[in-house]
Structures are given as C-alpha cells and as structure tokens.
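The values are calculated or read from the model by the stated rules, or taken from the named source; none is laboratory data. Fair warning: this is a prediction, and the values are worked out from it, not measured in the lab. For neighbour counting, all protein chains shown are included, and Cβ atoms are generated from backbone atoms with ideal geometry for every residue, glycine included. Only protein heavy atoms, including side chains, enter the accessible area calculation; ligands, DNA and RNA are left aside. Shrake-Rupley method; radii C 1.70, N 1.55, O 1.52, S 1.80 Å.
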Amino acid sequence: RLSAKMKALILVGGFGTRLRPLTLSLPKPLVPFANMPMVMHQVEALVKAGVDHVVLAVNYRAEIMEGEIKKHAERLGIQISISQEPEPLGTAGPLKLAEDILRDGEPFFVLNSDVICEFPFEDLVKFHKAHGKEGTILVTKVEEPSKYGVVVSDKETGCIERFVEKPKIFVGNRINAGLYIFNQEILDRIEPRPTSIEKEIFPAMADSNNLYAMDLPGFWMDVGQPPDYLKGMVMYLNSQLEKNPEAVTPEAKDGTTYVGPVLVHPTATIGKNCKIGPNVVIGPNVVIGDGVRLQRCSLLENVNVKSHAWINSCIVGWRSTVGEWARMEGVCVLGEDVKVKDELYLNGARVLPHKSISASVPEPTIIM
C-alpha cells in the first residue's frame, strides 16, 4: 500500500433511470454486478490502492443506501460518507461540495459510478506523481471514436493537448474513461454551482498543460444501461477467467455442464442436466430446475428458474420466477418479483416490478 491515506469521490448522481426497472427497487450503486453491489467493485479497488475515505456524491434522498453502505464500510475498515447535493451539481460541483474531506494534502480520486474495468489505481498514482501536475485522467481505446469525446494527448508524455467532441475526422481513438486523480489545486478552479468537469474544468486545465492522460489497460465499459451491463458482465467474467479461473469454472455434476466463465453463488441450487454458460452470473439463493439452458445472463438474488427454461442475454431481477419451457432473449430485463408463466416467449421485454406475465411478448416492449 502507498504510505499516506487517500480520499476518493464517486459521482453517483441521480436515480439511474437508464437501468430501470432494476433501479425502481434499489439505488443504482447497490444494483448487483457479478454478485456484488456495483459501486463496491470501485470501492474495493480504491481500498487496495490505499484509500481510507470514500465519498458518494448523490442528488436524491439516500436513506436506503446508508445502511447497506455502512455494512461494507465496516467490513473494509474504511469510512464511506454520502454527500447529498441540494440540487444536481453536474460532474464538478460535487467536488466543491465535498471540499472539506478532499482537501487533505494528498491527491484524491474521482470516479464515475457506472464504470467497470480492472481499476489500475496504484499505477495511476505512480504516473500522476511522476508528472507532478494537477490532474490525470484514464483513457480507453474505442473502435468508433466518432461517438465520443476524444482525448488528444502527447504520445510521449501523456500531456493532454485538447478534447474533440464527436470528431468528424480521425484525431485519435482514446476517450475519457471516467476515472481521474487530482491534486488539491483543482478545487480552486471549481465554483459551488452546477458545473461540468469535462466541458468546463478539463479544457482550462489542458490549456495550462496541467492535465495528463494515462492508457487504461484491459477492458472498459460504462454499465449504466442493460445492453452495456451485459457487455460489461461478459468482459468482467472473461477477465476473471484469465486472472482467477477457478472462481468462474464450476465443476460439472448430475449431468449439468458449464461453459466458462460462469459465476455461481455458493448458496444457489442447480438442477440436473442443465447447460449453463458462457458468461452467466447466478446470484444468492437462486433455484434452477432441471434441463435449464442459460447463456449471457445475470440472475439476481432469490430468482427461481423452472425446468427447461431457456434464457439468453437477459437480467432477471430479485425474487422473479421464470416458468417451465419459457424462452427469454433479446435483453429482457425483469424487475423485482416478476412472474413469467410457463411456455411463454419474451423478446426484449422490460418488465416493471411485481408484474405477472401471462402472454408472450414477441417484440421489445415496456410492460407496466
């Protein structure tokens, strides 16, 4: 660990409307990703890098988060504070609001809460301290830079020259990965009002050669909406397969076979003659019947999948039931406590909590 303790701010923001119907039941940072609350992947990586105080910046009533977050803070032996904005303050305002915590002499991290990757925070600190300037942002390479804001930086040093929003001609393929480290001085640049760090603060820092870019190794995904949640889950599981294969390659038994990577919670119960994988996450106390086929899907806590159901590219919310011989595909998302009757076909259905589905949904639809 690095000597001095560091602080971090995670920009949680609003209600997570893009991830509905899951966020109708839990605030987005607590929605499970690979059997752990989404935000805890970031928090655990920060703790490994020597962070002892994490601030979650939210702009809605956060009571439901406090109890759950407290448990994790105790488990990790760190402090986690919730900083509630009186009005949405954008991506820079929350830094000013938490200034008293962040101004302790050491550099501090700022993260966008939806990002999943391998979080190379120790290397980020080393790179940042080596160049000695105000800020460093992690950048990731993308196939289609024209959809994003591109970061143009010096090939040798990483010093950022400019930002180009949705470039029409090729200027580079590195985009802002939403993970930063800053010195205290950045706080002098921010006023306590709604401010965009990307549009207002970063360009000013780049103009004075105070902002650097470091390449993010490995995968990167913003998992804030269902199709990307599933893409990010696939990337995460495959990175686990390389780093920690036994965690995601269950043993075959009772005729049930697995095609890795598959992450199965130890409390789950799985029937006979199933075929599971690749890229499946099975949550706590999930019950799966016989002859079930699962691929590229995530089953949250207490889900019940009846015999011979077939599920591909779906997220099944807490306490939901999928009937016998049902078939679900096309990024279906079932909210909490949804019941899908036997032998139905669902394609791209987004189903709000506590619904019973008794007819097939052949085209993507939101079911109220």
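List of remarks:
- Carbon plus sulfur fraction of accessible area for the stretch 56-191, probe 1.4 Å, in percent: 47 percent
- Computed log₁₀ I(q)/I(0) - Debye formula, equal Cα scatterers, no solvent, the stretch 10-162, q 0.19, 0.21 Å⁻¹: -1.38, -1.55
- Accessible area of the stretch 291-347 belonging to carbon and sulfur atoms, whole % at 1.4 Å probe: 40 percent
- Listed residues 156, 343, 106, most fluctuating in the chain (Gaussian network, C-alpha, under 10 Å): 156
- Contact order, relative form, for the stretch 234-352: 14 percent (alpha carbon pairs under 8 Å, 6 or more residues apart, mean separation divided by residue count).
- Nonlocal amide H pairs with residue 361, under 5 Å, H built at 1.01 Å: 345, 346, 347
- Relative intensity, log₁₀ I(q)/I(0), of the stretch 287-350 from a Debye sum that treats every alpha carbon as a point, q = 0.15, 0.28 Å⁻¹: -0.33, -1.34
- For the chain, built as a Gaussian network whose Cα springs stay under 10 Å, the top-fluctuating residue of 358, 320, 25: 358
- Added length on full extension, which subtracts the Cα-Cα distance from 0.36 nm per residue, residue 247 to residue 358: 36.2 nm
- Label-to-label distance, residue 162 versus residue 347, with points set 7 angstrom from Cα along the beta-carbon direction: 4.7 nm.
- Comparing 160, 270, 64 in a Gaussian network model of the chain where C-alpha atoms under 10 Å apart are linked, the largest mean-square fluctuation is found at 64.
- Sequentially through the stretch 162-179, phi angles give Karplus couplings (6.51, -1.76, 1.60; θ = phi - 60°) of 6, 10, 10, 7, 6, x, 7, 10, 5, 10, x, 10, 9, 10, 4, 8, x, 10 Hz, Gly and Pro residues having no value and appearing as x.
- Taking the inverse of the mean 1/r over every pair of distinct Cα atoms in the stretch 26-110 gives a Kirkwood hydrodynamic radius of 13.6 Å.
- Relative to the Cα centre, the charge distribution of the stretch 267-368, modelled as +1 at Lys and Arg Cβ and -1 at Asp and Glu Cβ, gives a dipole magnitude of about 120 debye.
- Normalised by the number of residues in the chain, the mean separation of alpha-carbon contacts (under 8 Å, six or more apart) gives a relative contact order of 12 percent.
- Our analysis of the stretch 174-322 gives Rg over Rh at 1.18, with the two radii drawn from alpha carbon positions and Rh computed by the Kirkwood formula.
- Residue-averaged [θ]222 nm for the chain, counting only DSSP H segments that reach four residues, each worth -39500 (n - 2.57): -5500 deg cm²/dmol
- Overall dimensions of the chain by Cα: Rg and Dmax, Å: 21.7, 65
- Other residues with beta-carbon under 14 Å from the beta-carbon of residue 366 carry, at +1 per Lys or Arg and -1 per Asp or Glu, a net charge of +3.
- Restricting the calculation to Cα atoms, every distinct pair contributes to the Kirkwood radius of the stretch 178-229, found to be 13.4 Å.
- Probe 1.4 Å, protein heavy atoms only - accessible area per residue of the chain in square angstrom: 43 Å²
- Between the residues 167, 359, 31, the greatest Cα displacement towards the positive end of the dipole of the chain, with unit charges on the Cβ of Lys, Arg, Asp and Glu, is found for 359.
- For the stretch 215-265, the spread of Cα positions along each principal axis, largest first, Å: 43, 24, 16
- Summarising the overall dimensions of the stretch 98-220 from its C-alpha atoms, the Rg and Dmax are 14.0, 43 angstrom.
- In this structure the amide hydrogen of residue 305, modeled in the peptide plane, comes within under 5 Å of the amide hydrogens of 287, 288, 289, 322, none closer than 5 places in sequence on its chain.
- Between residue 5 and residue 82, the C-beta separation translates, for a Förster distance of 25 Å, into a calculated FRET efficiency of about 0.80.
- In sequence order, calculated HN-Hα J values of the stretch 19-24 (Karplus, 6.51, -1.76, 1.60; Hz; x Gly/Pro): 9, 4, x, 5, 7, 6
- Degrees separating the helix 121-131 axis from the principal Cα axis of the chain, which is the longest one: 20 degrees
- Amide proton proximity set for residue 326, modelled H, under 5 Å, gap of 5+: 309, 310, 343, 344
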